[in-house]
Amino acid sequence: MATPPKAAAPKTSLLFRKQPLSSVQAQLDLLGSIDLGDDSELFTGRASAPSNTFDLALQGSGSFPLQATGVETFQLNLGRVCNQTCMHCHVDAGPDRRENMDHATAELAIQVLAQTNIPTVDITGGAPEMCPEFKFLVRESRALGRRVLDRCNLTILSAQGYQDLPEFLAEHQVEIVCSLPHYRALSTDKQRGDGTFEKSIAALQLLNSLGYGKPDTGLRITLVTNPVGAFMPAGQASLEAEWKQQLMANYGIVFNDLFSITNMPISRYLEWLESTNNLEGYLQKLKAAYNPAAAAEVMCKTTISVDWKGYLYDCDFNQMLEMKTGYGAPTHLSEFDVRSLSKRRIATNRHCFGCTAGTGSSCGGSLTE
């Protein structure tokens with residue numbers, strides 16, 4: 001039986017604490033050490049053959065190898081600097097990190113974007129707003145007529161030096177996709193740190209006052225919830241109805257959508273799973289819930305992820321595991337080619353079960369509900 005969370009959010013990153021799992025290779029080794037069944041038919045040495053347990057699941061459902069079908073989302077991860085240190089963070093972000101995209105890379109990203117018809121720019125981090133290039137990227141992307149999403153932790157909106165952000169986001173019609181683990185303080189603060197819930201509620205009320213979440217304003221706000229524990233999320237539609245009722249009744253808050261996202265077993269969430277003896281059970285649960293319909297809709301098939309140095313990945317999770325685009329596809333913004341990236345083979349490993357379990361999970365929430 002899964003052990004419930006028994007510790008509050010950490011105060012510092014894995015890297016700052018010099019924890020073994022700050023190493024990407026240590027994370028991959030740990031994931032690979034869990035017995036998920038007989039892998040004896042893998043590792044044949046042929047490039048066209050499955051190379052991990054997830055590939056074998058894809059093969060069994062007729063989806064191997066996993067291939068991109070286009071590039072509809074240009075996701076920019078601006079770095080690992082954040083004002084929070086959350087228990088489940090797959091980025092290992094925090095106030096002690098220093099990685100931030102520089103202006104040359106931001107300019108290159110806009111130059112690349114201008115040469116394509118990619119409709120959506122998805123800006124994430126860390127707290128992406130803490131990158132000095134955040135406003136430049138928003139302005140330039142909007143000037144190109146692109147839809148822009150800001151993946152916001154909400155508390156940054158009241159942090160010293162960032163209080164102008166709500167008005168800036170509204171002015172540029174930026175869609176806000178914001179994290180709120182639960183509509184109750186206890187669960188939210190356990191995952192994201194003491195006081196997070198109160199600040200998040202105040203931020204949502206401020207955004208509502210600017211028109212976010214209101215009809216006919218064009219200012220969309222989406223909440224994102226991750227389970228607080230070693231289990232998969234409940235149904236997205238039922239959660240959305242419940243959250244809308246609770247947040248309106250208790251705080252007068254409205255929002256457009258709710259995304260329910262499965263916690264990925266990497267970085268600080270991997271640390272928590274291991275420390276609470278939940279890792280093996282969680283991975284087995286994800287594998288057992290593999291859904292071919294979700295595998296057919298995974299976000300990496302239509303997304304390209306860019307890191308703070310301009311390197312390219314199939315998704316933000318692969319980025320954190322340093323699994324660059326491969327199999328002959330471009331690996332950096334300087335060699336960006338939308339045609340080859342639109343049909344690239346996607347790099348996979350065991351963490352990918354997190355996106356294909358149950359109704360599926362992506363940066364856009366459930367895949368099959």
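All of the numbers you see were taken from the coordinates with simple rules; none came from a lab. None of these values were measured; they are calculated from a predicted model. Every residue, glycine as well, gets a Cβ built from its backbone with ideal geometry; the counts of neighbours run over all protein chains shown.
Summary table below
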{"quantity": "Likely footprinting exposure, Y327, Y290, fewest C-beta neighbours within 10 Å first", "calculated": "Y327, Y290"}
{"quantity": "From phi via Karplus (6.51, -1.76, 1.60), per-residue ³J(HN,Hα) for the range 293-298 in Hz, x at Gly/Pro", "calculated": "5, 5, 4, 6, 10, 4"}
{"quantity": "Positive-end residue of L239, Y212, I253, charge dipole of the range 165-273 with Cβ unit charges", "calculated": "L239"}
{"quantity": "Principal axis dimensions, the range 82-204 - Cα atoms, whole angstrom, descending", "calculated": "46, 28, 25"}
{"quantity": "Residue with peak Gaussian network fluctuation, the chain [Cα springs, cutoff 10 Å], from S63, S48, S267", "calculated": "S48"}
{"quantity": "Gained length - V338 relative to A185, 0.36 nm times residue gap less alpha-carbon distance", "calculated": "50.7 nm"}
{"quantity": "Cα lying deepest toward the dipole's positive end in the chain, options A114, T69, L321, charges on Cβ", "calculated": "L321"}
{"quantity": "Nearest-20 debye value, the range 274-369 charge dipole, Cβ charges on Lys, Arg, Asp, Glu", "calculated": "300"}
{"quantity": "Residue-span extension gain [S275 to L206] - 0.36 nm each, minus C-alpha spacing", "calculated": "21.1 nm"}
{"quantity": "Spatial separation of Cα centroids for the range 66-132 and the range 142-188, in angstrom", "calculated": "14"}
{"quantity": "Order of D102, D194, D150 under a 10 Å beta carbon neighbour criterion, fewest first", "calculated": "D194, D102, D150"}
{"quantity": "Listed peptides 122-135, 16-29 by packing density, highest first (mean Cβ within 10 Å)", "calculated": "122-135, 16-29"}
{"quantity": "Trypsin sites (Lys or Arg not before Pro) restricted to DSSP loop in the range 162-240 with at most 14 other C-beta within 10 Å", "calculated": "R184"}
{"quantity": "Distant-in-sequence amide H partners of H332 (H built 1.01 Å from N, under 5 Å)", "calculated": "L312"}
{"quantity": "For E369, E240, order by how many other beta-carbon atoms lie within 10 Å, fewest first", "calculated": "E369, E240"}
{"quantity": "Built amide H within the under 5 Å cut-off of D122, gap 5+", "calculated": "F74, Q75, L76, L149"}
{"quantity": "Dipole magnitude (debye, nearest 20) for the chain, charges at Cβ of Lys, Arg, Asp, Glu", "calculated": "100"}
{"quantity": "In nm, spacing of pseudo-spin labels at A289 and V24 (7 Å Cα→C-beta vector)", "calculated": "2.7"}
